[in-house]
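Data first, discussion second: the structure below is written as structure tokens.
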Amino acid sequence: LALAGLAVASTLAVAGCVMRTPPADLDLARSRSAEAGRYVVTVAPASDPIPLGSMHAWTVEIRTPDGQPVEAAKIVVDGGMPQHGHGLPSQPAVTRYLGDGLYALEGMKFTMPGWWVLEFDVEGKSGRDGVTFNLML
Ligand SMILES: [Cu+2]
């Protein structure tokens, strides 16, 4: 009976690991059209590969679908690890407009390897729209 229990426990452990494998078709594009098509959002980490465990900055570029830079957008960032059930370990925020549709996103931090999502809520001259990016660290 003890052996059977052990076998069940190890099967569950293996199943748990398999479930944490990220989807094979994960779209890792750094430039995406927002859900309602109002904006094209492009993200770029200040250093690539993305550092683990240290605070760093990104830039976020907001453009209209026809390529015009979007100024004075209100951008809110959220995210986390879908398979771990936790959010971002820091509270990143867009701190300033850099010109030409570019915004500084500061306070980014990732604490472990795996699949992360970054969700942006953008409010600009064309209305409100959202976009989600997948990251593999
Ligand atoms: Cu995690």
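The values are calculated or read from the model by the stated rules, or taken from the named source; none is laboratory data. Because the structure is predicted, anything quoted here is derived from the model rather than measured. FYI the Cβ positions are ideal-geometry reconstructions off the backbone, even for glycines, and counts take in every protein chain you see. For the accessible areas, the whole protein counts, side chains as well, though only heavy atoms, and no ligand, DNA or RNA atoms are used. Shrake-Rupley method; radii C 1.70, N 1.55, O 1.52, S 1.80 Å.
Couple of notes before you dig in:
- FRET efficiency, 1/(1 + (r/R0)^6) with R0 30 Å, evaluated for Ala44 and Lys74 via beta carbons: 0.90
- Accessible area of Leu118 (1.4 Å probe, protein heavy atoms only, ligands and nucleic acids ignored): about 0 Å².
- Among the trypsin sites (Lys or Arg not before Pro) found in the range 55-137, those both in a DSSP coil and sparsely packed, with 13 or fewer other Cβ atoms within 10 Å of their Cβ, are Lys125.
- Per-residue extension of 0.36 nm, minus the Cα-Cα distance of Arg30 and Met112, leaves a gain of 27.5 nm for this segment.
- Candidates Val76, Val122, Val41: whichever shows maximal mean-square fluctuation once the chain is modelled as a Gaussian network with Cα springs under 10 Å: Val76
- With Cα atoms, 0 to 90° folded angle of helix 2-19 axis to the chain main axis: 20
- Result for the chain in a Gaussian network model with C-alpha springs under 10 Å: among Asp48, Asp27, Asp121, the largest mean-square fluctuation is at Asp48.
- The simple spin-label model puts a point 7 Å past each Cα toward its Cβ; for Met55 and Glu119 those points are separated by 2.4 nm.
- Per residue of the chain, the DSSP helices (runs of n ≥ 4 H) give a summed -39500 (n - 2.57) that works out to -4500 deg cm²/dmol at 222 nm.
- Size descriptors for the range 17-137, from the alpha-carbon set: Rg then Dmax equal 14.3, 45 Å.
- Gaussian network model of the chain, springs between alpha carbon atoms under 10 Å - residue of Met81, Met108, Met55 with greatest fluctuation: Met55
- Separation between Cα centres of the range 25-73 and the range 101-118, rounded to whole Å: 10
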